[in-house]
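The structure under discussion appears below in the form of structure tokens.
The values are calculated or read from the model by the stated rules, or taken from the named source; none is laboratory data. In this text, all values refer to a predicted model and were calculated from it rather than measured experimentally. FYI the Cβ positions are ideal-geometry reconstructions off the backbone, even for glycines, and counts take in every protein chain you see.
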Amino acid sequence: MEFYIIQTMMGMIGSVGFAILFGILDQKLIGIALGGGAGWAVYLLCTANGHSMFAGLFVASLFVAAFSEILARVLKAPVILLLVPMLIPEIPGGDLYYAMYDLVQRNFADFGNSANKVLVEAGAIALGIILASYIAKFVRNIRIHMGGRIL
């Protein structure tokens, strides 16, 4: 349990670090920290409960993208400004490293396996972002057509 708490805190620190690198230096950092840490916690919960890495990354990126859509409305900021730093903990950096290592070592069989794993992980993240964005746009359109009476 302590290991998961440390990982979640590191996810928060990583998200804030990239936000600062991108020039975000105001109250948005708190939301980015919460979103990055919560997204990683969702991933850890999914994988700890026996779901695949694909499912964990999909659900975590869906959560982070939805959270960034909501936070962007509250803070009156662009979604992308919040979304990118929040997704940093979910980037498959280790697997990407091993894929490139296998390519440089000319170990093409292992490179194929590693590259496939990276593409599946990146696809899960992309699907989560696309679905959350679509749902947010759908809700906005319903709200506009209903005259602002819902949400």
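Comparison of V74, V59, V139 shows that the only residue that is among the aliphatic types (A, V, I, L, M) and more than 25 Å from T8 (Cβ to Cβ) is V139. For the stretch 41-59, the criterion of being touching a Lys or Arg at 6+ places or on another chain (Cβ under 7 Å), surrounded by fewer than 21 Cβ atoms within 10 Å (Cβ to Cβ) and at pLDDT below 95 is satisfied by no residue at all. So for the stretch 91-114 (the condition being touching a Leu at 6+ places or on another chain (Cβ under 7 Å) and of a type outside the set (F, W, Y)), does at least one residue qualify? No, that holds for no residue.
Within the stretch 101-151, can you find the residues that are surrounded by fewer than 11 Cβ atoms within 10 Å (Cβ to Cβ), at pLDDT 95 or above and touching a helix residue (DSSP H, G or I) at 6+ places or on another chain (Cβ under 7 Å)? Passing the criteria: none in range. In the stretch 117-136, the residues that are free of Cβ contacts under 8 Å to residues at least 24 places away in the same chain and within 27 Å of Y98 (Cβ to Cβ) form no Cβ pair under 8 Å with any partner that is outside any helix (DSSP H, G or I) and among the aromatic types (F, W, Y), whether six or more places apart or across chains. Among the residues of the stretch 35-64, which ones are over 18 Å from L127 (Cα atoms), within 12 Å of the chain's Cα centre (by Cα) and aliphatic (A, V, I, L, M)? If the condition is that a residue be over 18 Å from L127 (Cα atoms), within 12 Å of the chain's Cα centre (by Cα) and aliphatic (A, V, I, L, M), then A38, A41 are the ones that fit.
Name the residue, out of L34, L25, that is out of contact with any Lys or Arg (no Cβ under 9 Å at 6 or more places or on another chain) and under 17 Å from E90 (Cβ atoms).
Every option except L34 fails the conditions.
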